[in-house]
Amino acid sequence: MARRSTPTPPPEDFEERILDIDVVDEMQGSFLEYAYSVIYARALPDARDGLKPVQRRILYQMHDMGLRPDRGHVKCARVVGEVMGKLHPHGDSAIYDALVRMAQPFSMRLPLVDGHGNFGSLGNDDPPAAMRYTECRSSPVAGLMVSGIDEDTVDFSPNYDGSEQEPVALPAAYPNLLVNGSSGIAVGMATNMPPHNLGEVVAAARHLIRYPNADLAALMRFIPGPDLPTGGRIVGLDGVRDAYETGRGTFRIRATVAVEKVTARRMGLVVTELPFTVGPEKVVGKIKDLVNAKRLQGIADVKDLTDREHGLRLVIEVKNGFVPEAVLAQLYKLTPMEETFGINNVALVDGQPLTMGLRELLEVYVDHRFEVVRRRSEYRRGRRRDRLHLVEGLLVALVDIDEVIRLIRSSENASEAKDALMARFELSETQTQYILDTPLRRLTRFDRIELESERDRLTAEIEELTRILESDAELRKLVSAELAEVAKKFGTPRRTQLAEAEGAAVEVLPLEVSDDPCRVLLSSTGLLARTPDEQPVFDENARRVKHDVVVSAVPSTTRGEIGVVTSEGRLLRLNVVDLPMLPHSAASPNLSGGAQVAEFLTLHPEERVICLTTLDESSPGLAIGTEQGVVKRVVPDYPANKDELEVITLRDGDVIVGAAELRTGEEDLVFITDDAQLLRYPASQVRPQGRPAAGMAGVKLTDGAKVISFTAVDPASEAAVFTVAGGSGTLDDSLATAKLTPFDQYPRKGRATGGVRCQRFLKGEERLTFAWAGTMPGRAATSTGAPVDLPEPDPRRDGSGTPIGRPVAVVAGPV
């Protein structure tokens with residue numbers, strides 16, 4: 001049986017002291033201390049860098065660990081352990097939750113962590129994997145947050161036990177608080193800030209730098225509203241204006257929904273974007289509950305077709321006899337497809353929580369950047385002055401190196417040598433020590449030239465930094481330029497549409513053009529336009545009008561991009577939203593309402609547009625034919641960061657005469673030469689090549705002959721060949737002869753052969769002046785776009801032509 005220990009008696013000089021404290025005062029003081037700790041050290045972001053302490057510690061520790069975007073990923077558990085052990089005295093789950101959120105592209109407009117593995121899903125329907133499985137490293141924009149932190153740009157403070165130093169705020173090269181937003185619940189207060197578009201926020205910040213007294217209306221011209229990572233549409237902007245003015249306000253977010261035919265017999269609602277923080281499983285579950293409770297009518301089925309390749313896609317089938325728009329109105333009212341977001345712009349300024357409007361948030365950030373750039377410039381100037389001091393001392397020694405060596409050799413020790421050099425050359429102690437530490441092999445004439453060059457460079461840099469530090473205008477100019485560079489490199493198009501009010505007549509702001517499907521058309525006279533995707537682009541029975549010959553058409557979206565192929569082998573990017581829209585009621589496209597190519601692209605002299613092409617890398621690619629008989633199939637590999645690309649390396653004097661985007665890869669390629677030879681062979685005989693390649697032999701030319709037409713024809717379609725023969729410039733156009741022949745009259749031959757004759761010349765005819773092969777029915781026009789009637793088909797493959805009354809400059813089939 002264990003014996004009970006005897007308590008140790010207190011010492012004789014022990015004096016018992018008991019403090020009587022009112023429990024109300026104790027609870028009040030302790031609660032206030034706890035509340036301040038939560039507000040300052042956990043829940044609220046700093047208005048300067050937009051980060052909570054745990055987020056700041058994660059980014060700083062990842063920077064300290066060297067987890068840059070060009071390095072490999074490491075286990076998240078390693079990062080969490082380093083942060084928890086050195087900087088953040090809280091549980092690992094809180095740290096990992098913050099790290100996960102910074103890696104989710106649907107939570108942050110610009111993710112600060114590059115995650116590898118399962119980091120959860122929208123709405124947290126699929127929770128993230130444990131930190132022992134996931135990996136991470138800093139994202140490129142996270143480097144902007146810590147850029148310059150080693151140059152005394154921000155203050156540091158001791159960590160929780162005083163063993164480490166951590167930054168009070170990060171340098172933050174972009175306004176992170178507005179761009180990524182923030183949310184947190186403290187004691188007695190909370191913050192809830194939506195994300196914004198980087199380009200818009202930077203534009204507003206630069207405007208405020210240039211005009212410090214700018215009012216809210218001027219800033220809202222640059223930031224019309226939030227830009228959420230998940231897209232959607234904000235309905236009603238009055239609450240946004242209130243929040244930008246007072247720091248508090250509400251707005252509604254609606255899902256992006258399209259009415260489509262989802263089955264052979266049913267229409268449906270296709271949801272491609274959901275409100276911020278709302279996941280598809282939450283919406284599907286709510287819809288099923290409402291249908292079972294008979295509170296929602298007209299829903300036949302709900303399918304979640306979301307995947308990694310195509311993104312979010314919810315298909316809601318509507319029963320026959322119900323109006324899809326009416327069903328959609330019910331969904332907005334009863335389900336999370338429309339949510340309310342309450343803005344509460346609470347952030348820490350000098351350690352104090354404040355509720356701020358848009359202008360105040362930008363002012364705090366801009367002042368922070370001024371301080372960061374000023375301290376960085378002072379640090380760099382100090383380092384360069386220190387180095388210049390050493391270089392000047394070394395140059396003094398090099399002028400009389402023999403005397404320096406004599407003094408060193410005649411000294412008893414290093415201290416005596418130092419004193420002798422300082423006395424003889426009037427050097428400082430730092431300069432003298434540097435000279436003594438410098439190896440003799442550096443004291444050559446070549447190194448003297450290098451030192452003089454370094455001295456001049458350091459002097460110029462010091463002068464530049466001094467100019468920045470002494471001029472407020474130069475400092476503002478530098479901060480503005482750095483912000484512009486960040487926006488140029490990391491800016492992305494707006495995702496969220498803004499609408500003033502709800503209802504059928506919603507007024508969408510011009511900034512947010514709906515990204516609807518469309519087709520881009522190019523006429524024979526070089527006019528460009530876009531038209532709704534469902535609008536017909538060829539009506540055989542429509543009355544012919546000027547500019548109605550469409551030589552190229554590609555599908556796209558209103559906010560998409562297409563490629564323009566030119567005769568010099570260039571592919572130029574073109575924003576579809578810039579093109580004029582043709583009237584929706586037109587039975588057949590008349591591009592007289594279009595605009596000339598020159599209004600959108602800069603072409604070289606004598607360069608002309610050959611065709612339009614999509615930039616879809618899944619297509620079979622382009623087929624190109626040149627005047628010297630070269631053929632090429634281009635691999636559709638178009639880097640997104642280049643506005644101009646070369647799709648073929650042309651020989652000297654060669655130009656592209658035709659190009660077409662292959663639809664299936666089973667088309668026939670057709671060359672027609674000016675000596676009336678036609679060569680037809682499958683496109684499969686031409687292997688695809690990369691963009692820099694020069695192509696391969698396409699057709700064998702006789703002496704003096706050249707290619708005048710190159711097209712791609714679907715052999716299964718009803719196609720024809722149209723040729724026009726003329727003299728050597730003396731024959732009148734009205735006397736030229738033309739021939740229209742069925743395409744199946746021309747046999748397939750092998751690539752790089754001579755082909756077969758396609759028209760027999762009459763007396764006085766020497767060359768083909770025009771040729772075309774394509775799908776019928778075809779339309780012809782003059783060089784000014786005036787319509788021309790084609791002759792009746794002639795079944796003779798190599799027969800002669802019949803006179804035509806008007807010169808033909810272009811022929812095109814259905815597109």
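The values are calculated or read from the model by the stated rules, or taken from the named source; none is laboratory data. On a predicted model such as this, the values are computed, not experimentally measured, just so you know. Backbone-built Cβ (ideal geometry, glycine too); neighbour counts: all protein chains shown.
Data for the structure
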item: In the stretch 173-192, residue farthest from Phe341 (Cα to Cα) [restricted to those that are among the hydrophobic types (A, V, I, L, M, F, W, C) and buried (at least 24 other Cβ atoms within 10 Å of the Cβ)]; result: Leu177
item: Residue that is nearest to Thr531 (Cα to Cα), among those in the stretch 553-584 that are in a loop (DSSP other than H, G, I, E, B) and among the hydroxyl-bearing types (Ser, Thr, Tyr); result: Thr558
item: Residues of the stretch 94-114 classified as assigned to a loop (DSSP other than H, G, I, E, B) and among the acidic types (Asp, Glu), total; result: 0
item: Filter result (closer than 16 Å to Val270 by Cβ and under 28 Å from the mean Cα position of the chain (by Cα)) within the stretch 316-343; result: Met337
item: Every pair of residues 6+ apart whose Cβ atoms lie under 9 Å, when the first sits in the stretch 677-688 and is in contact (Cβ under 8 Å) with a residue 40 or more places away in the chain while the second is part of a strand (DSSP E or B) and surrounded by fewer than 18 Cβ atoms within 10 Å (Cβ to Cβ); result: Gln677/Val756; Gln677/Arg757; Leu678/Val756; Leu678/Arg757; Leu679/Val756; Arg680/Val756; Val686/Met696; Arg687/Met696
item: The stretch 367-413: number of residues that are among the basic types (Lys, Arg) and over 25 Å from Glu482 (Cβ atoms); result: 2
item: Number of the exception - Thr153 against (1) over 24 Å from Glu378 (Cβ atoms); (2) among the polar types (S, T, N, Q); (3) touching a residue at least 12 places away in the same chain (Cβ under 8 Å); result: (1)
item: Conditions (1) at pLDDT below 75; (2) surrounded by 12 or more Cβ atoms within 10 Å (Cβ to Cβ); (3) farther than 17 Å from Val554 by Cα: number failed by Leu601; result: (1)
item: Verdict on Ala142 being in the same structural domain as Arg78 (by TED's automatic domain parsing) and touching a residue at least 12 places away in the same chain (Cβ under 8 Å); result: yes
item: Residue check for Phe710: at pLDDT below 90 and assigned by TED's automatic domain parsing to the domain that holds Gly629; result: no
item: Identity of the residue in the stretch 64-118, among the polar types (S, T, N, Q) and without any contact (Cβ under 8 Å) to a residue 24 or more places away in the chain, that ends up surrounded by the most Cβ atoms within 10 Å (Cβ to Cβ); result: Gln104
item: Residue ranges of helices (runs of 4 or more DSSP H) in the stretch 400-470 with at least 1 members closer than 28 Å to Arg381 by Cα; result: 414-425, 429-437, 445-470
item: Matching entry among Leu395, Leu407, Leu465 (being more than 30 Å from Val373 (Cα to Cα), touching a residue at least 60 places away in the same chain (Cβ under 8 Å) and touching a helix residue (DSSP H, G or I) at 6+ places or on another chain (Cβ under 9 Å)); result: Leu395
item: Set Arg663, Arg633: member being under 20 Å from Val554 (Cα atoms), of a type in the set (Lys, Arg) and surrounded by fewer than 22 Cβ atoms within 10 Å (Cβ to Cβ); result: Arg663
item: Test: residue in the stretch 80-93 that is among the polar types (S, T, N, Q), farther than 26 Å from Arg369 by Cβ and outside any helix (DSSP H, G or I); result: no
item: Some residue of the stretch 675-683 being outside any loop (DSSP other than H, G, I, E, B), of a type outside the set (Val, Ile, Thr) and either modelled with pLDDT under 90 or more than 30 Å from Ser800 (Cβ to Cβ) (or both); result: yes
item: 2 or more residues within 22 Å of Arg109 (Cβ to Cβ): qualifying strands (runs of 3 or more DSSP E) within the stretch 276-378; result: 338-344, 346-349
item: Conditions (1) touching a His at 6+ places or on another chain (Cβ under 9 Å); (2) closer than 21 Å to Glu339 by Cβ: number failed by Leu219; result: (2)
item: Count of residues meeting criterion [in contact with a Gly (Cβ under 7 Å, 6 or more places away or on another chain) and either over 17 Å from Ala98 (Cβ atoms) or of a type in the set (S, T, N, Q) (or both)] in the stretch 133-171; result: 3
